[in-house]
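What follows draws every value from the coordinates through simple rules; no lab data is involved. As the structure is a prediction and not an experimental result, all values here were calculated from the model. With ideal geometry, Cβ positions are generated from the backbone for all residues, glycine too; neighbour counts draw on all protein chains shown.
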Amino acid sequence: MVKKSELGRRFEYHPATSDRVENTHEEIRRKCLDLALFLQGCLPECREASVAQTKLQEVMMWANAAVAITQLQPSKPRLSPEMQEILLEEKRVDAIEEVLRKTRRRVDELEKVKEDERA
C-alpha cells in the first residue's frame with residue numbers, strides 16, 4: 001500500500017522552481033514533438049503508428065512528471081570522491097590487464113615464429 005505522503009507527492013501540483021527545470025520541461029516537449037512529427041511523416045496510418053504516438057505522449061508525460069516532482073534533484077546519493085577514485089582505479093587496472101594480455105599473446109606469437117624459423 002502506498003503511504004499517504006507518497007500519494008500527496010504524486011498528485012500535488014509541482015510548479016517549476018528554476019529556469020533549469022522549466023527549460024528541461026520545454027526541451028522534453030520539443031524533442032517529443034520532433035519525434036512525433038518524424039514518426040507521422042514516415043509511418044503509414046495504422047493502429048501501431050497510433051499506439052506509437054500515444055506511447056510518445058506517455059513518455060513526455062512521465063519525463064515531465066519526473067522533472068516536476070524531483071525538480072531535477074538527484075534521488076540517489078552521489079558517490080563520494082573516494083569511491084569515484086576507487087572505481088576509476090579499477091578501470092585503470094582493467095585497462096592495464098588487457099594491455100598485458102595482448103602483449104603476452106604477441107610475445108607468444110613471436111616466440112612461435114622464432115621456433116618455426118629454427119626448425
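Using alpha-carbon pairs under 8 Å, 6+ residues apart, how would you state the relative contact order of the chain in percent?
Details: 30 pairs, mean separation 35.3, N = 119.
It comes to 30 percent, rounded to a whole number.
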Roughly how tilted is helix 19-42, in degrees to the nearest 10 and between 0 and 90, from the longest Cα axis of the chain?
80 degrees
Here the gain from full extension of Ala95 to Arg30, 0.36 nm per residue of separation minus their alpha-carbon distance, amounts to 19.4 nm
Consider a paramagnetic label point 7 Å from the Cα of Leu37 along Cα→Cβ; state which residues of region 45-64 have an amide N under 17 Å from it.
53, 57
Here D for region 1-59, in µm²/s, from Stokes-Einstein with a Kirkwood Rh over Cα pairs at 25 °C and 0.890 mPa s, works out to 175 µm²/s
Largest first and rounded to whole Å, the semi-axes √(5λ) derived from the alpha carbon gyration tensor of the chain read 52, 28, 14
Springs between alpha-carbon atoms under 10 Å, Gaussian network over the chain: tell me which of Val107, Val51, Val21 tops the mean-square fluctuations.
Val107
Dimensions of region 32-80 along principal axes (Cα, Å, largest first)?
50, 18, 15
By how many nm would the segment from Phe11 to Glu85 lengthen if fully extended, with 0.36 nm per residue of separation less the alpha-carbon distance?
22.6 nm
Residue-by-residue Karplus 3J(HN,Hα) for region 84-98, coefficients 6.51, -1.76, 1.60, Hz, glycine and proline x
4, 5, 4, 5, 5, 5, 4, 5, 4, 4, 4, 5, 5, 4, 5
Under the Karplus relation with 6.51, -1.76 and 1.60 and θ = phi - 60°, whole-Hz ³J(HN,Hα) for region 52-66, x at Gly and Pro, equal 4, 5, 5, 5, 5, 4, 5, 4, 4, 4, 5, 5, 5, 5, 4
